[in-house]
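So the structure is just underneath, and the comments pick up after that.
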């Protein structure tokens, strides 16, 4: 897309990194005092980039779309602000996500820019947080799928507990009424985190039709060591339903996973580790995991161990 004074084009990091670095250094490092170690996070070679240039070919703005469906590094030189450069950059990135049939895109907006992104169709969620010393809020925009195709979000690989916990929070934020959880012992380090417990409570109290189904392989361990979800399970038995698998192969399954009602999932091949795969919308993978969960659920027995807790 073109403008009388500037043009927007896809950029390739290996070829255009000097131009992209020039804009981001001027805006984030020099102007906003973002530490270099935080600005250059190592993700750039794996992202799609967009670059705005003036009529002389000088870089004046940029942005990127990461593999996990997140728009970021939106920057426009100070002398070019107010000339619709940021609007054009954002539209380009949103269109790229739509062309790939993603169901949504998210971004972390500096609080002073909330109005700009709201005008572009993004909705803020969650509390204000600090990133590089600057207040931010998360924002999300749902994308209409290409006609005749299912909406698909990119698959994200989580390599650290922090990343997996953040992805877990996003899948819970996207859930409206129904959630399915397959776990050995309610995943200490994840499902016992105070913010996650609060999100699960909000889903369970979501009104008519709200249901959190949990398949717990080792309820005795949960009872023995305690867990902040136990009180919630005891007090909301119709919304927080817990069963125990009975088949040996299901009891021995080392995986842990979570499914929401927006075709999103988070799956850990080894439930005792933090590495995970996740997506906001993966119809085929979600269907596979849902089919397995439903089969196990049908033959599982109620977790009577929790009824005797006397909470």
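Numbers at a glance
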read-out	value
The chain: most fluctuating residue of 285, 235, 141 per GNM, C-alpha cutoff 10 Å	235
Label-to-label distance, nm, for residues given as residue 111 and residue 166 (7 Å Cα→Cβ offset)	2.0
√(5λ) per eigenvalue of the Cα gyration tensor, the chain, largest first, Å	43, 19, 17
Extension gain, residue 220 back to residue 99 (0.36 nm per residue minus Cα-Cα distance, nm)	38.7 nm
Angle between the chain longest axis and helix 194-204 axis [Cα atoms, degrees, rounded to 10]	70
Global form of the stretch 208-284, assessed from the alpha-carbon gyration tensor, a/c cut-off 1.5	oblate
Whole-number Å³ per residue for the convex hull built on Cα positions in the stretch 6-142	105
At R0 = 35 Å, FRET efficiency that the Cβ-Cβ distance of residue 304 and residue 195 yields, to 0.05	0.75
Tail weight of P(r) past 15 Å, computed on alpha-carbon pairs of the stretch 41-112, percent	54
Percent breakdown of C-alpha pair distances by 10 Å bin, ordered from the shortest bin, for the stretch 162-236	18, 56, 25, 1
Relative contact order, percent, the chain [alpha-carbon distance under 8 Å, six or more residues apart]	14
Cα gyration tensor shape for the stretch 44-85, rounded if a/c is under 1.5, else prolate or oblate	prolate
Semi-axes of the equivalent ellipsoid for the stretch 156-309, Cα gyration tensor, largest first, Å	21, 17, 16
Neighbour-count ranking [beta-carbon atoms within 10 angstrom, fewest first] of 230, 251, 200	251, 230, 200
Fully extended contour minus Cα-Cα distance, from residue 288 to residue 157, at 0.36 nm per residue	45.3 nm
Difference of contour (0.36 nm per residue) and Cα-Cα distance, residue 91 to residue 295	69.1 nm
Cα centroid of the stretch 29-89 to Cα centroid of the stretch 196-271, whole Å	41
Calculated [θ] (222 nm, deg cm²/dmol) that DSSP helices of n ≥ 4 give over the chain, each run adding -39,500 (n - 2.57)	-9000 deg cm²/dmol
Sequence ranges 268-278, 164-174, 202-212, ranked by mean other-Cβ count within 10 angstrom, highest first	164-174, 268-278, 202-212
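Each value in this text was obtained by applying a stated rule to the coordinates, not by laboratory testing. The shown structure was predicted, so the numbers you read here are calculated from the model rather than taken from an experiment. Glycine also receives a Cβ, built like all others from the backbone with ideal geometry; neighbour counts cover every protein chain displayed.
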